[in-house]
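The values are calculated or read from the model by the stated rules, or taken from the named source; none is laboratory data. Please read these numbers as outputs of a predicted model, since none were measured by experiment. Ideal geometry is used to build each Cβ from the backbone, glycine not excepted, and the neighbour counts take in all protein chains shown. Just the protein is used for accessible areas: all its heavy atoms, side chains included, with ligands, DNA and RNA removed. Shrake-Rupley method; radii C 1.70, N 1.55, O 1.52, S 1.80 Å.
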Amino acid sequence: MADARADQQAVETLASAAPQRGLLQQSAEVLAREQALRLYGQETETLARPAPDMRLAHIAVEALSLPHPLARIMAQAVEVIWREAATPDILVWQHNWVAEVRERLEFRTDVLTARDGQ
Amino acid sequence: MSLLHIDGFEWNPQSLNENALPALGFGKATSLNPGALKIPGRRAISSALSIPAINGTQGGYSKTLTASQTHVYMGAAVRLPSLAGDATLFHIVDTSNLIRTFVKVNSAGLIAVDVNGVILTVSGNAVAAGVWNYIEVRALNSATVGVLEIKVNGVTWLTATGNTRQGGGDYKAFGLGGAPGVFASSLAVDFDDFYLCNASGTTNNTWLGDVRVDTLRPNGAGSNTQLAATPAGNNWDRVNEDETDLNDYVQSTALGQRDTYQYSDLPAMTTPSVLGVQVVSVARKTDAGAANIRNLVKSGATVYQAAAEPLLLQANTHLSIWEVNPNGNVAWTESAVNAAEFGVEAA
């Protein structure tokens, strides 16, 4: 009896730590009443009992693993490495320095001319 | 076939894992500095990776390959926010994990190659701080005819020849920033559009030049919808987040089940040249025991499978590269990528 209580306590602990329990419950029902019972050393008749014991059986299957674990995919993406084959468009923001320099030179010429004229 | 790894850094290293700790890309890199950050990238609506100044031995972004290499090319867009000291841009580590090759930049912006602690050559040109340059490395591992060559924006800036092996083994690990396990006091460096390839095969076996790595995400159901969505809804909508959400997923209930999804189209480009496609899946198994997944491409009417990879109990990244379109083994085109479906299979 003490062992049974310990088993139940352990199973309930597992249940509280297993957020996926609900997902697996359906699979557990289909899979293995007998397997679950074997794991917990119970008799087949136990299954005839209503819901509380069925819950234990489901949790037992979950806790001790299904025949193979499930694959869970959280994210998927595709990375594409590529480039422009032709010459990419070119943008230019460069200041027109040449025009400014010419403007300054002309100003200096004017000044020099005025001086020469004096 | 020689494209070994690509990364566009459209993921957040600081996304949390099952233990509420930074996931650091769920293992996409073999080793990643825990202070790495997702930052705006070099193109509009893209992201990049910022590796902080390294004051310990955590290193930068490092990828250890299953197969060792003797002749590799790698490149990345690199930006130095400042030039207030020396920084490590690239690293290559040999099979002994003792002989390391570094590409460094000093406070004058000059680039140098360093093998086993010895500077071999320094560039005559300098990179400027605050701008993105596309920097590429060629490394030929040999005790006699080795080559270390650096290109910046497609122009060779330096070449060192001779003994690049220095008594070590073949190349094993490659990456950005400093190598893990080595004390490296450096500046923060930003990286984008990373590639690594070797000199083998007939495609992607030389300098790839200034490339971009764009990330596409699922945006619709494909031809296969066999996994179960949690929470209930469209399967594609459970795996398409910019940042991986561990509570939002698809799950198999039997081996062989497949999901393939439609994906968003590539952005417009005038004359695109597609060099390869990498399928990225973040997945785990639900319990101890054997479980695998394989990435899928559906191009035309056929689903093509990558090799099965074992799942871990923690979320982990699974990468599969298709350098060419498996439907005919021809170069990918923009339209073929846009028409293809990508997915996974429980194996």
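Below is a table of values for the structure above.
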{"quantity": "Solvent-accessible surface (1.4 angstrom probe) belonging to B:Val93, in square angstrom, nearest 10", "calculated": "10 Å²"}
{"quantity": "Solvent exposure, largest accessible area first (probe 1.4 Å, DNA, RNA and ligands not counted), of B:His91, B:His71", "calculated": "B:His71, B:His91"}
{"quantity": "Segment B:115-212: C-alpha gyration tensor shape, a/c 1.5 cut-off, then a/b vs b/c", "calculated": "rounded"}
{"quantity": "Charge context of B:Phe26, other residues only, Cβ under 15 angstrom, K/R +1, D/E -1", "calculated": "-4"}
{"quantity": "Chain B: relative contact order as a whole-number percent, Cα under 8 Å and 6+ apart", "calculated": "19 percent"}
{"quantity": "Within-12-Å neighbourhood charge of B:Trp11 [Cβ basis; K, R +1; D, E -1]", "calculated": "-3"}
{"quantity": "Inter-chain Cβ neighbour average for residues B:232-245, partner chain, 10 Å", "calculated": "2"}
{"quantity": "In the B-A interface, the accessible area buried, summed over both sides, Å² (probe 1.4 Å)", "calculated": "4000 Å²"}
{"quantity": "Exercise: per-residue mean of other protein chain Cβ atoms within 10 Å, B:285-292", "calculated": "6"}
{"quantity": "Largest-first ordering by accessible area, 1.4 Å probe, given options B:Glu243, B:Glu345", "calculated": "B:Glu243, B:Glu345"}
{"quantity": "Modelled label reach - B:Ser264, point 7 Å along Cα→Cβ, segment A:71-85 residues with backbone N closer than 17 Å", "calculated": "A:75-82"}
{"quantity": "Spin-label zone in segment B:12-35 - amide nitrogen under 14 Å from a point set 7 Å from the Cα of B:Glu243 along the C-beta vector", "calculated": "B:12-18, B:20-26"}
{"quantity": "Charge tally in the Cβ shell below 14 Å around B:Thr270, where Lys, Arg are +1 and Asp, Glu are -1, B:Thr270 excluded", "calculated": "-1"}
{"quantity": "Inter-chain shielding of B:250-258 (mean C-beta neighbours from other protein chains, 10 Å cut-off)", "calculated": "4"}
{"quantity": "Overall Cα dimensions of chain B, principal axis frame, Å, largest first", "calculated": "58, 44, 39"}
{"quantity": "Per residue, in Å², the accessible surface of chain B once ligands and nucleic acids are set aside, probe 1.4 Å", "calculated": "38 Å²"}
{"quantity": "Largest-first ordering by accessible area, 1.4 Å probe, given options B:Met74, B:Met269", "calculated": "B:Met269, B:Met74"}
{"quantity": "Candidate lysines - alpha carbon under 26 Å from B:Lys285, same-chain residues fewer than 8 apart omitted", "calculated": "B:Lys28, B:Lys63, B:Lys298"}
{"quantity": "Cut-off under 5 Å, modelled amide H: who pairs with B:Trp157 long-range", "calculated": "B:Ile150, B:Lys151, B:Val152"}
{"quantity": "Area of B:Phe26 that stays accessible when all protein chains are in place (1.4 Å probe, Å², to 10)", "calculated": "20 Å²"}
{"quantity": "Linear extension gain, B:Ala128 paired with B:Thr70, 0.36 nm per residue minus alpha-carbon span", "calculated": "17.7 nm"}
